[in-house]
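These notes are about the structure you will find just below.
Readers should treat all values here as calculations from the given coordinates under stated rules, not as data from a laboratory. Not measured: the values here are computed from a predicted model. Don't worry about glycine lacking a Cβ; one is built from the backbone with ideal geometry, like all the others, and counts go over all protein chains shown.
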Amino acid sequence: IAEQACGDLHGSLKDNLSACVLYGSVVRGEADAGRSNVNLLIVLNRSTAEAHQVIATQLQKFPRVAPFVVSRWELARSRQVFAIKFRSIQRNYRVLAGDDPLADFAASPQLLQLLCEQSLRNLRLRLQHAFIRLGHAPERYERRILRAVPALFATLSEVLRCAGVEVPRAYKDRPALIGRELGAEASVLGELRQLRHRPRRLSAGEVFSFHSRVFRLLCTALDWMRERWPQTFETR
């Protein structure tokens with residue numbers, strides 16, 4: 001799917017396609033056949049509305065492809081602003097076309113600490129809002145929390161890497177490590193991952209349980225970061 005989609009994009013975008021990169025669960029070897037997204041980083045030489053229309057038209061044939069589109073001229077700054085995402089891509093990716101847009105990518109430890117805290121605080125705000133607004137509608141709440149699962153894994157893993165902890169490549173091996181290092185109960189991450197692969201309707205009690213456990217985990221992670229990185233938000 002990725003190679004065919006990339007070939008079609010290259011045929012339509014021609015010299016406007018700077019790079020096409022496959023990343024995520026397909027490259028890690030953890031993709032769930034028929035369910036998992038096929039993640040493509042698409043780097044354009046010129047990001048225009050017309051180019052976006054071409055991409056939209058071509059990807060109609062590939063509903064499982066999840067595009068992440070950036071332009072080459074803004075790539076350097078985008079890699080810093082979204083350093084956690086690009087670091088995650090950088091660990092498991094394959095260039096399908098064009099130049100490698102991640103070959104020279106690096107981010108400072110201080111920037112990563114700041115972005116990790118920003119991401120976790122944003123996740124906590126979004127998930128508490130989802131529970132307050134959608135907790136009475138289990139199907140809608142389930143869709144909302146499952147969309148947050150990749151960001152939960154990626155950000156909590158990056159927190160540990162910032163502290164010098166080696167994180168397993170396989171997502172299934174990470175909840176136990178995250179819980180042990182943060183001093184938290186993190187088995188909810190594994191349960192959410194399973195639910196993402198095999199969705200089912202949650203009961204009202206399960207909705208509250210998931211919200212309560214994820215919220216406690218995020219609070220513990222933020223306390224852990226505050227104690228170890230007090231300089232992250234120093235003011236002068």
TODO: Take the Cα radius of gyration of the range 166-211 and divide it by 2.2 N^0.38 Å, with N its residue count; two decimals is plenty.
DONE: 1.28
TODO: Rounded to whole Hz and in sequence order, give me ³J(HN,Hα) for the range 47-52 from the Karplus expression 6.51 cos²θ - 1.76 cosθ + 1.60, θ = phi - 60°, writing x for Gly and Pro.
DONE: 8, 10, 4, 5, 5, 5
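How much of the pair distance distribution for the range 187-236 lies past 19 Å, counting alpha-carbon pairs only, in percent?
For the range 187-236, the share of Cα pairs beyond 19 Å comes to 44 percent.
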Task: Debye log10 I(q)/I(0) at q = 0.09 Å⁻¹ for the chain, Cα point scatterers - done: -0.43
Task: About the Cα centre, charge dipole magnitude for the chain (Lys/Arg +1, Asp/Glu -1 at Cβ), debye - done: 620 debye
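Under a point-charge model restricted to the Cβ atoms of Lys and Arg (+1) and Asp and Glu (-1), what is the dipole moment magnitude of the range 144-203 relative to its Cα centre, in debye to the nearest 20? Don't skip to the answer; put the middle values down first.
Details: 12 positive and 6 negative charges, 101 e Å.
It comes to approximately 480 debye.
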Task: Residue-count net charge about R87 - beta-carbon cut-off 11 Å; Lys, Arg +1, Asp, Glu -1 - done: +3
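Quick check on the chain: helices-only [θ] at 222 nm, where DSSP H runs of length 4 and up contribute -39,500 (n - 2.57) each and the sum goes over total residues. Nearest 500, please.
Working: 11 runs with 138 residues, N = 236.
That calculation yields -18500 deg cm²/dmol at 222 nm.
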Open item on the list: Can you give me the long-range amide H partners of A97? Hydrogens built in the peptide plane at 1.01 Å from N, cutoff under 5 Å, separation of 5 or more residues or another chain.
Closed with: C20
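Let me know the Kirkwood hydrodynamic radius for the range 83-133, please, with Cα pairs as the basis and the value in Å to one decimal.
Values: mean 1/r = 0.0759 Å⁻¹.
Taking the inverse mean of 1/r over all distinct Cα pairs, the range 83-133 comes out at 13.2 Å.
I'd like the trypsin sites (Lys or Arg not before Pro) in the range 2-39 restricted to DSSP loop residues with at most 15 other Cβ atoms within 10 Å, sorted by number. Walk me through the numbers on the way to the answer.
On the way: sites: K14, R28, R35; in loops: R35.
Answer by residue number: R35.
Translational diffusion coefficient, Stokes-Einstein: compute it for the range 28-132 using the Kirkwood radius over C-alpha pairs as Rh, at 25 °C and 0.890 mPa s, and state it as an integer in µm² s⁻¹. Before the final figure, lay out the partial values.
On the way: Rh = 16.0 Å.
After rounding, the answer is 153 µm²/s.
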- [ ] Go from 0 up to the bin containing the longest alpha carbon distance in the range 97-224, width 5 Å each, and give me the % of pairs per bin.
- [x] 2, 10, 20, 22, 19, 12, 8, 5, 2, 0
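Report the local net charge at V38: Lys and Arg +1, Asp and Glu -1, summed over other residues whose C-beta lies under 14 Å from its C-beta. It would help to have the intermediate numbers written out before the result.
Working: positive: R28, R35, K61, R64, R94; negative: E3, D8, E30, D32.
Result for the local shell: +1.
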Task: Most positive-pole-ward Cα, I145, S78, A106, against dipole of the chain from beta carbon charges - done: I145
TODO: List the cysteines in the chain whose Cβ has no other cysteine Cβ under 4.7 Å from it.
DONE: C116, C162, C219
